[in-house]
1. Among the helices (runs of 4 or more DSSP H) confined wholly to the range 1-84, which include 3 or more residues that are among the β-branched types (Val, Ile, Thr) and at negative phi?
2. When you go through (1) free of Cβ contacts under 8 Å to residues at least 12 places away in the same chain; (2) closer than 21 Å to Ser199 by Cβ one by one for Ala112, which number turns out not to apply?
3. Contact list please: Cβ distance under 7 Å, first residue in the range 256-279 and among the polar types (S, T, N, Q), second residue outside any helix (DSSP H, G or I), pairs at least six apart or on different chains.
4. Looking at (1) within 15 Å of Gln57 (Cβ to Cβ); (2) among the charged types (D, E, K, R); (3) out of contact with any Lys or Arg (no Cβ under 7 Å at 6 or more places or on another chain), which is the only condition Asp220 fails?
5. Determine if the range 215-224 includes at least one residue that is farther than 11 Å from Thr68 by Cβ and under 21 Å from the mean Cα position of the chain (by Cα).
6. Suppose we filter the range 187-203 for residues that are surrounded by fewer than 23 Cβ atoms within 10 Å (Cβ to Cβ) and either among the hydrophobic types (A, V, I, L, M, F, W, C) or in contact with a Ser or Thr (Cβ under 6 Å, 6 or more places away or on another chain) (or both); how many remain?
7. Identify, from the list Ile94, Ile105, the residue that is part of a helix (DSSP H, G or I) and either surrounded by 15 or more Cβ atoms within 10 Å (Cβ to Cβ) or in contact (Cβ under 8 Å) with a residue 24 or more places away in the chain (or both).
Amino acid sequence: MAAYLDSAATTRVDPRVAEVVLHCMTEDFGNAGSRTHDWGTRAKRAVQQAREQLAAQVGSSPSELIFTSGATESNNIALLGLAAYGEKQGRRHIITSAIEHKAVIEPLEHLASRGFDVDFLSPGPSGRLSVAAVQERLRDDTLLVSLMHVNNETGVIQPVAELADHLRGTSTYFHVDAAQGFGKLTEDLRAPIDLISISGHKIGAPKGVGTLVIRRRGRDTVPLVPLMYGGGQERKLRPGTLPVPLIAGLAKATEIFERERDQWWAEAAAFRSRLVDALGKTKLHFNGDQEHAVPHILNVSFDGVDAEALIVQLKEIAAVSTGSACTSASYTPSHVLRGMGLPDSIAANGLRLSWFPDQIAELNVDELAAEIAEFQAGTAFLG
């Protein structure tokens, strides 16, 4: 079986997490909103414990965290939910980057169609936006800065903690899509960031669950309005029956990842080093700042090689992707690599390799590199 090198898209549910999820599905299966029996009480207790545990991870109060279906929904609540306040206050300027996930770009494009002025800043070939570049664009009417924590295609880490410190003294709110960074660089998220979107399935939790952290500034909370109506759950911002098994699974996955993070980081970095060394026998271009990147995501373009054709060639050895799973059906050049100003010859052929150590034990990196080198040589010969 091929090794799994697409962990930035999703991870396998940790068996220890699956055990908790199954228990909540088959034993403690009550509705957390039911107050008249023990099943409801146990479900409510599980949700509260999870809320406390997850909030503690980012240094927030449990009352500042709501559960969602994942980072995409959290992003939409954060971005679209703030729009009414911006319109009322005459603050319609938003700063973001050209390399954000589509779950941020598309809501912001929608706001642009409503009259908001959205600055999509390019970070340049490094893929890392500087704090100074954001500060230069701040205006009196800047409502929001939205910047991802870790890029999902390149793995490049953005300076969100430093930027949060600069923005905290202003009236501009700060939103961070932390889908790829939560668990790996959680300390960054303890900075005074107003809104943080988190997804569970990037750290061994089930798909379909995440959180939105909504921090107060003193006594003031971020003035969000709901996008849906129909219940009072989750501070009236996200109505609907809470998925207790998924929430408990997210809490368990977070607990496990926190306990084992140092080992995970060391093993992921060691594999990266072996992989990079092996790929030295090919002709390639590493995309993004390799000095400011998480250890488990690598984006490369191989000279003269079509990425889609290479994926097919490698399917018996490794499962890889050309970028975000949300846009993998599209064969257009990566908007992330284009947003970094890279030429189409590179942007159209970026290959993302991403891994969790427990998924790549059987992979022979030398065999992988040799297969790529052979394919590259054959492509050059045919060309």
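1. The helices (runs of 4 or more DSSP H) meeting that bar are 15-26.
2. (2)
3. Every condition considered, no pair remains.
4. Only one criterion in (1) within 15 Å of Gln57 (Cβ to Cβ); (2) among the charged types (D, E, K, R); (3) out of contact with any Lys or Arg (no Cβ under 7 Å at 6 or more places or on another chain) is unmet by Asp220, namely (1).
5. yes
6. Total satisfying the criteria: 1.
7. The unique qualifying residue is Ile105.
Listed here are the residues, each with its yes/no results for (1) free of Cβ contacts under 8 Å to residues at least 60 places away in the same chain; (2) closer than 30 Å to Leu108 by Cβ.
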site: Arg16; (1), (2): no, no
site: Val20; (1), (2): no, no
site: Thr36; (1), (2): yes, no
site: Arg42; (1), (2): yes, no
site: Gln49; (1), (2): no, no
site: Gly59; (1), (2): no, yes
site: Glu64; (1), (2): no, yes
site: Leu79; (1), (2): no, yes
site: Lys88; (1), (2): yes, yes
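The values are calculated or read from the model by the stated rules, or taken from the named source; none is laboratory data. It should be emphasised that the depicted structure is a prediction, and the values quoted were computed from it without experimental measurement. As a convention, Cβ positions derive from the backbone with ideal geometry for all residues, glycine included, and neighbour counts pool all protein chains shown.
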